[in-house]
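The values are calculated or read from the model by the stated rules, or taken from the named source; none is laboratory data. What you are looking at is a predicted structure, and each value in this text was computed from that prediction instead of being measured. Every residue, glycine among them, receives a Cβ derived from its backbone with ideal geometry; neighbour counts consider all protein chains shown.
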Amino acid sequence: MLLKYLVISYLSVNLSVTKKLHTLIRVKFYLDKADKNKLFPIHLVLRQKEAKVKVATGEKIKKKDWDNASQSVKDSCYNHKGINKFLSFLKQEVEKHLETAPHSQLTDKKIKEKIQSLINSRRGNTDVKMVCEDQKYYEGKQKITFLDLFAGAGGFSEGFLQAEHGNKLYDFLLGSDINENCELTHLARYNYQLGLDAEFLRQDISEPDFLDNLLKRLKGKQVDVVCGGPPCQSFSLAGKRKKFDKKDDLFAHYLKAIRQLRPKYFVMENVKGILTKEEGKIREMILQEIRSIVDLKEFHQLIHFVAQLKRHEKEQAFILECYNLRLQFETANEKEIEEIKERYIQNVENKFRILTPKIVDYKTSKTDSSISTIRHGFNLLKREHELAYIRKKVINEKAFCDLDNDFFYEDFNNFLTAIESESIVERVNTAFKTLKPAKEFINDVNEIVKALEIYTYSFDECMNGLKEFVNKAKHESEFKEILSHIRLYNIDEPFVALASNYGVPQNRERVLFIGCRKDQKLIKEVPPTVSDKEKVTIFEALYDLDFVGNDDEKFNYEKVDLKTKYNGTTEKMISLIKKRDVDGKVDERKGMTYAEWSKRGRLNGRFANAKNPFYVRNFEELENHLTHIVAPLHNHKTSKQNDDVVKRLDVILKAGDYDMAKKKLKQIGLESEKRNYNVLKPDAQSPTVMTIADDYIHYSNPRALTVREMARLQSFDDSFVFQGKRSTGGNKRKLEVPQYTLVGNAVPPLMARAVALEILKNIS
């Protein structure tokens, strides 16, 4: 056929010719002859001179409702928006297919088949709706508000919205993340698709005005629960941990938000490696910081108590005044804390200035390196705010230039260590140790050293330091009573949550810190929802999606014939499919399969304004409803892999293990420098889903997983569409956060649901 010849001829030359081709081949729509009801079918046609491919779209309208110039249905047609959206989707996908399809797919017949498959997806789309139950059921329900910091794709948000208990359910107020594709996915899911009015704040949580902007977006609304997982790359057991990773201090900024919002509960999620980092010191630091969050309404009691101690212990007035100033750090805002810190250091410096001529002569005071170190240390501490700014900039530059495992690494880390307030205090105190003051001045020197140590204390360390004075004054019971009033949060030890214990077909381990406000019941753990025998398998999660080939994309579900596909093992594979409750617990009488839950959706039915799932590439398309690609199935596309890669994956798949396959791969010249391939076992749970798709080989086909399949392993519903780019390479993944990265970094919604449900059971 002429069309086939022309397409193949043009595509075989070069890119410029390809561009020229698309000026020659036009995708257009026209009205065919009217049917007996005087409705005109809309046809799609690809024209090239006398040759053409023509396919009926399945849509029919009145002739007066068609605008041929704009290639769209006029608003005089009641269903014009839906039809125009579909035509836009069809045109876009056909053009994309012509651009990317191999020559073998560009025959008249196969082009028609492709277009027809897209049209079939439209027919299926009419049946894809979010579950909407009787809205009266939700009237009068108590709404527990939550926000999701470091939201990413929205794993926490999904799980919280799925949770209901008794008369309680969740109301989503705000999500926040630094990446624009996280925002795009959030807005598409919660605002456009579910019809919620949830805010999104795209900003670095460490920026000075983050909290101000957060409060503006909340508009005075009370926040009951805060959840979030500060980025965890530097804590991971999977590779070399990075000191001074720019993400390491995000815990502190997360807790600043907690101090400001005072929620009833908060949840912090991270990797298991955080428990052992720095020999457990990081874990203790986090717990200490949580226990140091104070109730500002009650804090005056402690300040008054320390003032009383100061009057009682006149000989220790200087040290107790240092404690008093240090405690004021807890109640001060950003501007106030700078002033208080400067006043603190100035008081200590004044004491040193009075002491200096008593312990060294004039000449020595001007030339001695120890004295100079002490003086310069005071100057540096008074400029802590400026040093923090420098630290942040250097850490960001270190990350941007990927300074790790090189000759720069140690020098940069040494510099960053040197300008930490703790390091400055340590050097100043070391300088004091080199001085040899007369006996009568030793106490003054020790007080200065102690004062500088107090400056770096956490709140908990301050409380421990005050115990000496409390015991001496015999006010232990009063002190204990005050502490019970001013500690805002209680927390038990962090615990390791295994995702597969909550109906997720994945052995993903995450550490959960659950902080409980003092007026709420302490939560020590989140009980599993499934037993070991009930755990969801990979086959259960993925079997119904196994209808895509190499470099293939599907927009609608297809029936998978298990008898044909698994001839000889059909019964064994079918036995893996179990009916379950929403949380994964086996319920053969009333339950549904994991795949059925994924298609139906696990969200409750209170979203009256919910729309069908759709996909967009960017914010411009999000705002233009006509560009929304609406289909029953999204994110189900395989990568284009050459013959050698397919052969390599096939060898590994048949061997069942990468190490076992390496010998044969070498023999046939298909060895790879890739460190690892994980062959998925259909009757087991997957390892932790990461951000790189080709780390995993499908259990029955020599291919990588699609985004949709990885989302299934994370327990995302099929109606949750990951927006923007599907994938990207190298360090771009950190900046662009494509679909695979969104999935790999997400909290499994079913695990989040279990956490949310436990909070609902205990919150008051």
Original post:
Of these, V679, V645, which one is assigned by TED's automatic domain parsing to the domain that holds R712 and more than 22 Å from R712 (Cβ to Cβ)?
Top reply: V645
Original post:
Identify, please: which residue in segment 79-113 is loosely packed, with under 14 Cβ neighbours inside 10 Å and of a type in the set (D, E, K, R) and is, among those, nearest to V616 (Cα to Cα)?
Top reply: K96
**OP:** Can you give me the number of residues within segment 604-631 that are assigned to a loop (DSSP other than H, G, I, E, B), within 23 Å of the chain's Cα centre (by Cα) and surrounded by 18 or more Cβ atoms within 10 Å (Cβ to Cβ)?
**Re:** 3
**OP:** Under 7 Å between Cβ atoms, at least 6 apart or on separate chains: pull out the pairs that start in segment 452-477 with a residue that is under 30 Å from R383 (Cα atoms) and end on any residue that is not in a helix (DSSP H, G or I).
**Re:** S458/S292; F459/S292; F459/V294; F459/E330; D460/S292; G465/Y457
Original post:
Of all the residues that make up segment 53-78, how many are surrounded by 13 or more Cβ atoms within 10 Å (Cβ to Cβ) and not acidic (D, E)?
Top reply: 15
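Out of K341, K246, K256, K310, report the one residue that is at negative phi and at pLDDT below 85.
On the way: K341 fails: at pLDDT below 85; K256 fails: at pLDDT below 85; K310 fails: at pLDDT below 85.
When all the criteria are applied, what remains is K246.
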Subject >> Filtered residues of segment 632-654 (kept if at pLDDT below 90, crowded, with 20+ Cβ neighbours inside 10 Å and among the charged types (D, E, K, R)) >> reply: none
**OP:** Sort out which residues of segment 463-481 are out of contact with any Asp or Glu (no Cβ under 8 Å at 6 or more places or on another chain) and hydrophobic (A, V, I, L, M, F, W, C), and write them in order of number.
**Re:** M463, L466, F479
Original post:
Of the residues that make up segment 558-572, is at least one surrounded by 15 or more Cβ atoms within 10 Å (Cβ to Cβ), part of a helix (DSSP H, G or I), under 33 Å from the mean Cα position of the chain (by Cα) and at pLDDT 90 or above?
Top reply: no
**OP:** Return a yes/no flag: does segment 283-301 have any residue that is surrounded by fewer than 17 Cβ atoms within 10 Å (Cβ to Cβ) and among the small types (G, A, S).
**Re:** no
**OP:** Would you please name the residue that is nearest to the chain's Cα centre (by Cα), looking only at residues in segment 151-169 that are of a type in the set (D, E, K, R) and in a strand (DSSP E or B)?
**Re:** E164
Subject >> Members of segment 693-723 that are over 26 Å from N642 (Cβ atoms), in a loop (DSSP other than H, G, I, E, B) and not acidic (D, E) >> reply: S715, F716, S719, F720, V721, Q723
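Given the condition closer than 30 Å to L87 by Cβ and not in a strand (DSSP E or B), answer yes or no: does some residue in segment 640-658 qualify?
The initial filter retains those residues of segment 640-658 that are closer than 30 Å to L87 by Cβ, namely 640.
Filter again for not in a strand (DSSP E or B), leaving 640.
Checked against the condition, which is being closer than 30 Å to L87 by Cβ and not in a strand (DSSP E or B), segment 640-658 yields at least one hit.
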Subject >> Neighbours by Cβ (under 8 Å, 6+ apart or cross-chain): first from segment 279-300, closer than 16 Å to V511 by Cα; second of a type in the set (K, R) >> reply: R283/K277
Original post:
Take the residues of segment 411-422 that are exposed (fewer than 15 other Cβ atoms within 10 Å of the Cβ) and touching a Ser or Thr at 6+ places or on another chain (Cβ under 8 Å): which is nearest to E384 (Cα to Cα)?
Top reply: E422
Original post:
Is it true that some residue in segment 739-746 is more than 15 Å from S598 (Cβ to Cβ), assigned to a loop (DSSP other than H, G, I, E, B) and free of Cβ contacts under 8 Å to residues at least 40 places away in the same chain?
Top reply: no
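Looking only at segment 170-189, how many residues end up being hydroxyl-bearing (S, T, Y), under 11 Å from the mean Cα position of the chain (by Cα) and in a helix (DSSP H, G or I)? Lay out the reasoning, then the answer.
So in segment 170-189, the residues hydroxyl-bearing (S, T, Y) come out as 170, 176, 185.
Now restrict to residues that are under 11 Å from the mean Cα position of the chain (by Cα): 176.
Going one step further and asking which of them are in a helix (DSSP H, G or I), we end up with none.
Residues that pass the stated criteria total 0.
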**OP:** With the condition kept exactly as written, say whether any residue in segment 387-405 is at pLDDT 90 or above, exposed (fewer than 13 other Cβ atoms within 10 Å of the Cβ) and either farther than 21 Å from I454 by Cβ or among the basic types (K, R) (or both).
**Re:** no
**OP:** Given the conditions (1) farther than 22 Å from N612 by Cα; (2) at pLDDT below 95; (3) not in a loop (DSSP other than H, G, I, E, B), report the number of the one that Y192 does not fulfil.
**Re:** (1)
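A quick yes/no check of all residues on (1) more than 19 Å from S365 (Cα to Cα); (2) surrounded by 18 or more Cβ atoms within 10 Å (Cβ to Cβ):
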{"position": "A431", "(1), (2)": "no, yes"}
{"position": "A438", "(1), (2)": "no, no"}
{"position": "F441", "(1), (2)": "no, no"}
{"position": "E453", "(1), (2)": "yes, no"}
{"position": "S458", "(1), (2)": "yes, no"}
{"position": "C462", "(1), (2)": "yes, yes"}
{"position": "L466", "(1), (2)": "yes, yes"}
{"position": "F469", "(1), (2)": "yes, yes"}
Original post:
Which is free of Cβ contacts under 8 Å to residues at least 24 places away in the same chain and either in the same structural domain as C322 (by TED's automatic domain parsing) or basic (K, R) (or both), of T367, T373?
Top reply: T367
Original post:
So is L380 touching a residue at least 12 places away in the same chain (Cβ under 8 Å) and in contact with a Leu (Cβ under 9 Å, 6 or more places away or on another chain) or not?
Top reply: yes
Original post:
Can you tell me how many residues in segment 141-182 are in contact with an Asp or Glu (Cβ under 9 Å, 6 or more places away or on another chain), surrounded by fewer than 21 Cβ atoms within 10 Å (Cβ to Cβ) and charged (D, E, K, R)?
Top reply: 4
Original post:
Based on what the data block shows, is L44 under 17 Å from K96 (Cα atoms) and modelled with pLDDT of 90 or more?
Top reply: yes
Original post:
For segment 253-289, what are the residues that are in contact with a helix residue (DSSP H, G or I) (Cβ under 7 Å, 6 or more places away or on another chain), hydrophobic (A, V, I, L, M, F, W, C) and in a helix (DSSP H, G or I)?
Top reply: L255, A257, I274, L275, I282, I286
